[in-house]
Structures are given as C-alpha cells and as structure tokens.
Amino acid sequence: MGDMLKDRVAVITGSGNGLGRADAIAFAAQGARVVVNDLGVTHDGYGASSNVADLVVEEIQKAGGVAVANHASVATEDGAESIIQQAIDEFGRIDILVNNAGIIRHQNIDAIITDDWDLTVKTHLYGMMYCTRAAAAYMKKQKYGRILCTSSHIGFGFPGQASYSTVKEGIVGFARTVARELAEYEVTC
C-alpha cells in the first residue's frame with residue numbers, strides 16, 4: 001500500500017469493470033477511501049447487477065483498502081447526487097471525482113435509435129455534469145479537488161460510433177471549461 005492519496009476520498013463512476021475498476025483499485029492502493037459506483041450493466045447498457053461494484057469493494061478490502069459500493073445511476077440527477085452524498089456521509093468529504101461511467105451503442109448513422117442516442121448522452125454527458133456539479137459545490141468550499149473525465153480516441157470519429165464519438169468529444173469541452181472555472185478554488189479538471 002502506498003500513501004500518495006492517504007486521507008483523500010475518491011468517487012469513481014463506472015468502476016465495476018475496465019478502466020474504472022483499475023482506477024478504483026489503484027486509488028485505494030495509494031490510500032484513498034473509494035466510493036465504487038457501478039450499476040453493473042453490460043458495456044452496451046443492458047441489465048443491472050449490484051454484484052459488480054460489490055466485487056470490486058471486496059477486492060479492495062481484501063488488499064487492505066477502504067471502499068464502499070454505490071449502485072446509483074449517474075444518468076439521473078438524484079442518482080448522481082446520491083453518489084457524491086454517499087462520499088460525504090461515509091467519509092466526510094470528496095477530494096477526487098473520476099467521471100468514467102459510460103455505455104456504447106454501435107449503430108450506423110442511418111440506423112441510430114433515438115432512445116439509444118438519448119441513453120448514451122444521458123449516461124456520459126448528463127452523468128458527468130450531474131456528478132461534477134454536486135462534487136464541485138463541496139470542492140469549492142474545501143478549496144481542493146481533482147476531477148478526471150474519461151474520454152476516448154473514438155471522439156475523433158469512427159464508423160458506427162456517431163453517438164459515442166459525440167459524447168466523448170463533449171467530455172473534452174466540458175473538462176476544459178470546468179478546469180478554467182474552478183482553478184481559482186484549487187480544483188483541477
């Protein structure tokens with residue numbers, strides 16, 4: 001166990017698998033107390049299982065780290081706010097937010113289903129905004145915070161990925177703006 005993040009509290013959305021899971025384990029290994037958020041859906045957003053987040057928490061705890069599971073959806077205002085609130089309730093603060101939750105729906109432009117487009121936008125963009133908005137209020141008061149937003153090279157354009165590339169580029173613009181807005185409060189993005 002390292003101590004680079006000792007006494008820090010991190011919320012990592014979409015941390016049941018993939019990059020988010022790796023982040024949660026790495027942050028905990030460096031001493032952060034971690035809220036592991038994941039609905040437990042497949043990569044394309046189907047199904048749900050609390051087991052996914054719970055297994056990551058169990059792995060962190062077995063390694064000597066501190067973590068709690070959260071099964072709320074970032075795609076709803078109440079869900080996203082409850083994720084940040086859990087960090088405050090459990091650990092007294094929030095220092096780091098990793099906006100990682102996302103889904104992929106592969107569809108050519110002439111076959112995009114509106115509901116799939118909407119869910120992709122809600123998960124990636126609304127989820128990132130809802131979580132960041134809630135976390136920023138606390139981070140500004142404590143004059144400290146780190147916000148990380150997961151994007152992808154798919155944002156540069158990839159056939160069959162119009163919805164995914166759109167949200168990934170949106171993430172970049174959002175992060176740049178938040179970085180400039182919160183800099184005076186010692187919050188980076």
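No lab work stands behind these numbers, since they all come straight from the coordinates. All figures in this text were calculated on a predicted structure; none of them were measured in a lab. Positions of Cβ are generated from backbone atoms using ideal geometry, with glycine treated the same way; all protein chains shown enter the neighbour counts.
Quick one: which residue in Ala101, Ala137 is touching a His at 6+ places or on another chain (Cβ under 9 Å) and within 30 Å of Met4 (Cα to Cα)?
Ala101
Where residues in the range 1-23 are closer than 14 Å to Ala87 by Cα and surrounded by 17 or more Cβ atoms within 10 Å (Cβ to Cβ), which of them is farthest from the chain's Cα centre (by Cα)? I'd like the intermediate steps shown before the answer.
Residues of the range 1-23 closer than 14 Å to Ala87 by Cα: 7-13.
Among the residues that remain, those that are also surrounded by 17 or more Cβ atoms within 10 Å (Cβ to Cβ) are: 8-13.
Values: Arg8: 16, Val9: 14, Ala10: 10, Val11: 7, Ile12: 5, Thr13: 3 Å.
Of everything passing the filter in the range 1-23, Arg8 is farthest from the chain's Cα centre (by Cα).
Condition first: under 18 Å from the mean Cα position of the chain (by Cα), more than 16 Å from Ile109 (Cβ to Cβ) and small (Gly, Ala, Ser). Now tell me which residues in the range 156-184 satisfy that.
Matches in the range 156-184: Gly170, Gly173, Ala175, Ala179.
Would you mind listing the helices (runs of 4 or more DSSP H) fully within the range 110-189 where at least 2 residues are surrounded by 14 or more Cβ atoms within 10 Å (Cβ to Cβ) and of a type in the set (D, E, K, R)? Step through it out loud before you land on a result.
Working: elements: 114-121, 127-142, 162-182.
Ranges flagged: 127-142, 162-182.
Please go through the range 30-43 and give me each residue that is more than 9 Å from Val66 (Cα to Cα) and out of contact with any strand residue (DSSP E or B) (no Cβ under 6 Å at 6 or more places or on another chain), ordered by number.
Scanning the range 30-43 gives Gln30, Asp38, Leu39, Gly40, Val41, Thr42, His43.
Applying the selection to the range 24-53, what residues are of a type outside the set (Gly, Ala, Ser) and surrounded by fewer than 18 Cβ atoms within 10 Å (Cβ to Cβ)?
Scanning the range 24-53 gives Gln30, Thr42, His43, Asp44, Tyr46, Asn51.
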